[in-house]
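This report concerns only the one structure given below.
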Amino acid sequence: MYSVMDMQSMATNIFSAYASVAASMMLFRSVAYDIIPEPVKSAVFSALSQFFRHYFGRFFNQLPTQITMVVDEQCGISRNQIYDAAEVYLRTVDYPDSERFKVNKISKQKSISISMEKNQEVVDHFKGFKLKWQFVLIEPENQKNHFQPEKRFFELTFDKSRKDDVLNEYLPHIMAKAKETKDNERAVKLYTRDCPFNGEDDDSGNGGGYWGCINLDHPATFDKLAMDPCLKKSVIEDLDRFVRRRDYYKKVGKAWKRGYLLYGPPGTGKSSLIAAMANYLKFDVYDLELASLYSNSELKRILLSTTNRSIIVVEDIDCSVQMHDRSAEPEGNESSNTKLTLSGVLNFIDGLWSTCGDERIVIFTTNHKEKLDPALLRPGRMDMHIHMGYCTPEGFDVLALNYLGINDQTKAPCQEIKSFIGEVEITPAEIAEHLMRSEDVDLALQGVLDLLKKKKDEKTLVPVDEMTCDSGEAKDIIESDGIKIHKEQKMKFAKIWKSLTRGRSGKYNKMKHSEQSL
């Protein structure tokens with residue numbers, strides 16, 4: 001047994017050894033701090049920290065067992081399909097433990113839809129294990145003259161041992177369930193850009209806004225369109241052929257897209273045809289205004305933010321900047337602040353960027369096809385040109401059925417109306433407006449008949465300034481009356497005036513000849 005003196009001596013020796021080691025360590029630390037580079041020290045410290053954290057975590061059974069997947073809204077510059085599917089899928093999940101969520105309902109929606117609020121969590125169960133979803137929204141900081149979109153993403157947390165199940169079964173289940181939900185809802189969406197570009201520098205990288213959408217409740221169908229039956233049939237057949245030829249497009253090496261040009265006078269049903277196509281195919285519609293775009297690069301970003309199975313519509317393309325025929329004489333030197341060019345639009349509909357997506361339809365509308373550049377109209381860009389002309393007798397039959405419920409168009413007013421329609425130019429919109437003026441069928445038909453008679457009378461009248469006469473004096477005489485003259489009267493007057501002027505010119509030539517002979 002050790003004595004008190006021995007224990008004191010041992011303690012002294014231990015303390016001396018400790019002091020010697022501590023001094024050596026301090027000296028080593030000082031030398032190492034001055035000699036060893038900072039990156040090496042950081043790497044050593046990190047490795048030691050991970051080692052001790054892993055060792056003590058295992059010792060106390062505190063190793064992390066959860067893993068989190070981040071599902072961003074954007075995948076590079078394209079939309080993330082898993083995010084879109086999760087957004088739809090989570091509307092079908094119960095929220096019993098959630099303290100806060102959003103509810104929505106539009107006028108024609110049958111039930112109330114529930115969606116996640118910012119930073120809220122939703123628990124889902126799949127094949128016996130639990131998964132936790134959290135919606136994260138990071139709002140942009142305000143910067144002058146620049147627009148930064150919100151950053152939105154989901155965080156999916158689950159047991160680490162279920163990683164393969166989530167990747168191979170759960171996520172595919174979500175995408176299939178979302179597709180089924182969207183098909184059951186059968187709601188066609190109309191998208192528009194709610195945040196236009198506001199930057200001054202094209203290289204800022206902050207261009208473009210998000211698409212906002214509402215349900216497209218347009219009731220137009222092909223059955224209700226007042227257009228030529230043969231043309232209507234050809235459009236339907238072309239759409240059916242397009243949607244079933246996925247493998248064919250891949251086989252021939254072409255992007256799975258289709259372009260349509262709708263042209264004709266205003267009021268001939270171009271917008272109604274677009275709505276009918278969307279309702280027929282159940283494709284969402286993206287209404288794109290080229291005039292609101294700042295540059296070609298922004299146009300590319302807009303294209304990539306659209307989804308598959310969609311219709312991209314550019315209405316009144318002839319009114320957009322630099323879309324006119326380059327071979328035509330310039331009408332003026334109007335300056336423009338946009339960097340959007342015809343070349344950018346061509347690449348948008350038929351370039352490398354147009355292949356970034358499947359089953360897309362691009363539709364241009366115009367009132368003046370002749371003003372467009374031929375490069376915009378060639379096959380491969382605008383594959384099918386659809387002329388939306390004036391109303392035809394067959395079109396009137398459709399309108400009479402839609403607005404008045406007339407199934408029998410053999411009635412005298414209908415037959416007389418159709419005979420006039422074959423002689424004058426009138427749009428379906430004009431006829432429809434008059435059919436709506438009265439709930440009485442006979443009064444409504446009489447209104448249309450009066451309109452057609454008026455148009456026919458105007459057609460037979462020729463304004464004075466359109467008359468061509470052989471002499472300016474004759475035109476002055478007619479203009480002084482300030483009236484319009486029928487074609488028959490015009491021709492009769494022209495013959496009389498021509499004979500009079502011919503007689504006077506003959507007498508004048510004889511007098512001039514006799515003066516020269518003298």
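Residues checked against (1) among the charged types (D, E, K, R); (2) farther than 21 Å from L399 by Cα; (3) at pLDDT 90 or above; (4) surrounded by fewer than 20 Cβ atoms within 10 Å (Cβ to Cβ):
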site	(1), (2), (3), (4)
Y248	no, yes, yes, yes
G253	no, yes, no, yes
L262	no, no, yes, no
P266	no, no, yes, yes
L273	no, no, yes, no
A291	no, yes, no, yes
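Within the range 440-447, can one find any residue that is open to solvent by less than 60 Å² (accessible area, probe 1.4 Å) and either more than 30 Å from K270 (Cα to Cα) or modelled with pLDDT under 50 (or both)? First the steps, then the outcome.
Going residue by residue through the range 440-447, those that are open to solvent by less than 60 Å² (accessible area, probe 1.4 Å) are 441, 444-445, 447.
Filter once more, so that each one left must be either more than 30 Å from K270 (Cα to Cα) or modelled with pLDDT under 50 (or both): none.
No.
So, G422, is that one touching a residue at least 12 places away in the same chain (Cβ under 8 Å) and open to solvent by 50 Å² or more (accessible area, probe 1.4 Å) or not?
Yes.
Conditions first: (1) at pLDDT 65 or above; (2) outside any helix (DSSP H, G or I); (3) of a type outside the set (S, T, Y); (4) within 34 Å of the chain's Cα centre (by Cα). I82 passes all but one, so which condition is the exception?
Here I82 meets the rest and fails (2).
Residues of the range 218-271 being farther than 19 Å from R309 by Cβ, assigned to a loop (DSSP other than H, G, I, E, B) and charged (D, E, K, R), which ones?
Answer for the range 218-271, where residues must be farther than 19 Å from R309 by Cβ, assigned to a loop (DSSP other than H, G, I, E, B) and charged (D, E, K, R): just D228.
Taking the range 372-404 as the region of interest, how many residues are free of Cβ contacts under 8 Å to residues at least 24 places away in the same chain and open to solvent by 50 Å² or more (accessible area, probe 1.4 Å)?
Total meeting the criteria: 3.
Every residue, every condition in (1) aromatic (F, W, Y); (2) in contact with a helix residue (DSSP H, G or I) (Cβ under 9 Å, 6 or more places away or on another chain); (3) within 22 Å of L346 (Cα to Cα); (4) in contact (Cβ under 8 Å) with a residue 60 or more places away in the chain, yes or no:
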| position | (1), (2), (3), (4) |
| --- | --- |
| M227 | no, yes, no, yes |
| L231 | no, no, no, yes |
| E237 | no, no, no, no |
| R246 | no, no, no, yes |
| V252 | no, no, yes, no |
| W256 | yes, yes, yes, yes |
| L262 | no, yes, yes, yes |
| T268 | no, yes, no, yes |
| L273 | no, yes, no, yes |
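Hey, any hits in the range 425-437 for a residue that's assigned to a loop (DSSP other than H, G, I, E, B), touching a residue at least 40 places away in the same chain (Cβ under 8 Å) and touching a helix residue (DSSP H, G or I) at 6+ places or on another chain (Cβ under 6 Å)?
No, the range 425-437 contains no residue that is assigned to a loop (DSSP other than H, G, I, E, B), touching a residue at least 40 places away in the same chain (Cβ under 8 Å) and touching a helix residue (DSSP H, G or I) at 6+ places or on another chain (Cβ under 6 Å).
The values are calculated or read from the model by the stated rules, or taken from the named source; none is laboratory data. Because the structure is a prediction, the values reported are computed rather than measured. A quick note on method: Cβ atoms are made from the backbone with ideal geometry, for glycine too, and the neighbour counts reach across all protein chains shown. Just the protein is used for accessible areas: all its heavy atoms, side chains included, with ligands, DNA and RNA removed. Shrake-Rupley method; radii C 1.70, N 1.55, O 1.52, S 1.80 Å.
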